[in-house]
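First the structure, in the form of structure tokens, and then the observations on it.
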Amino acid sequence: MHHVTFAVGISAGGTGFLSAGVLGGRPVPHGPVEACHGEASTGTSGRITCQDGHVPTRRVLPRPVAGTRSVATGVASLVPDTDGRRGWTLFVNGMESSHVDLDDPTRLDFEYIRWLVAGIESLPVVARPAEETDTWRILHLGGGGCTLPRYLAAAHDRARQVVVELDPGVLELSQQAFGLRSRARLRLRIGEARAAVTAEADAGCDVVVRDAFIGSNVPPHLLTRQFVAEVARILRPGGLYVANLADGELLATARREVATAQQSFAHVALVAEPGQLRGRRYGNVVIAASHSPLPVVGWARRLASDPVRARLVDGEAARAFGSGRHPFDDADLEPGWFDPAHGAPAGSTTVSPDAAAASPVVLATEPIAASAAPARSSETLRVTRSAGRNAPEATSDNSRG
């Protein structure tokens, strides 16, 4: 897909990691580590100890290499930025998937990611002063380069995240290129998005992010009222469900998504650029839903300060937006697409035992919550404006989602 683009980047706060170099008067011998909170010291062996006694885990060093490689769902490519910074864009089957700055995980070039961050950070559970044991949990349905999880891990110590990604090749590439690793605060898993939600306990998540695509479309089994009802089940009171989609001038999919969400949630809103809401362009739309009133004041204030204008539509305006639209339903899925008894769409990517044994991430054989389920997950799509990145030609149109 061709994008008409210009670049906008935002940074907020520190990276959340200690760089290689000198710490407490001694050199750090083995590269970057997770940051200490407060002072740190090193022993004669070079072992780093935080003031609170915590021994930080060393971070995997990023090793990005420009080029294209085969993955389970097609091809993935890494393209470096041309502005002198260490930014990289991950393309999947020729489409922009994720942008990552190796030096600053809080730099967010993609507008819709900033929309998501603005909403998440406006939640009371996230915005209130931190307490020692006060954590909050977020489930990401879609991995790719993990731009949003990297940001939240750097900016919010209290965040406990699980990322579910379909393609082990994409996740392995992101680990190698961007230094990602699965750890206590950020668990990386290969699995199927809907099965991951079904496996979650009731009221176990504060935030659920759906960022999953097949080509330019959301997988149909991740649109239906049955899927959204499962998301509603696993959200805590005051929790937030946010879903990214790409839509055209008539916003037909977005309208049906809003109507679908309204069947399970008392409060529904959407975020998009004003021009798109007026039917002038194709682009990203973020749907937001909650059992409790949405943090619209803080969210709208954040959107107003963004370099790219975006509008938050809520309340009666959101209800009117989805009025008269038929909600998505499992009954509308093509025969054989999705089997609710097994949780796997037709053509689901499978992982061999050998591949599972060699994988550097946690596979679907390890439960995400109470039980495991067959694998298939998600990937991001960005249909918005950027610059300095030349998309490689797609060599496969295999489905993702």
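Just so it is clear, none of the values below were taken in a lab; they were calculated from the coordinates. No experiment lies behind these values; they were computed from the predicted model shown. Counting neighbours? That spans all protein chains shown, and the Cβs are built from the backbone with ideal geometry, glycine included.
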Provide the packing ranking of 164-174, 119-129, 243-253, i.e. peptides ordered by the mean count of other C-beta atoms within 10 Å per residue, highest first. 164-174, 243-253, 119-129
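May I ask you to sort T224, T89 by Cβ crowding, counting other Cβ atoms within 10 Å and putting the fewest first? Walk me through the intermediate numbers first.
Details: T224 20, T89 24.
The fewest-first ordering by Cβ neighbours comes to T224, T89.
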Treat the count of other C-beta atoms within 10 Å as a stand-in for reagent exposure and order Y112, Y282 from fewest to most. Y282, Y112
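How do E96, E230, E334 rank when sorted from fewest to most other Cβ atoms within 10 Å of their own Cβ? Kindly include the intermediate steps, with their values, before the conclusion.
Numbers: E96 24, E230 19, E334 9.
The fewest-first ordering by Cβ neighbours comes to E334, E230, E96.
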What does DSSP give for segment 132-278 in terms of the percent of beta bridges that are antiparallel, rounded to the nearest 5? 10
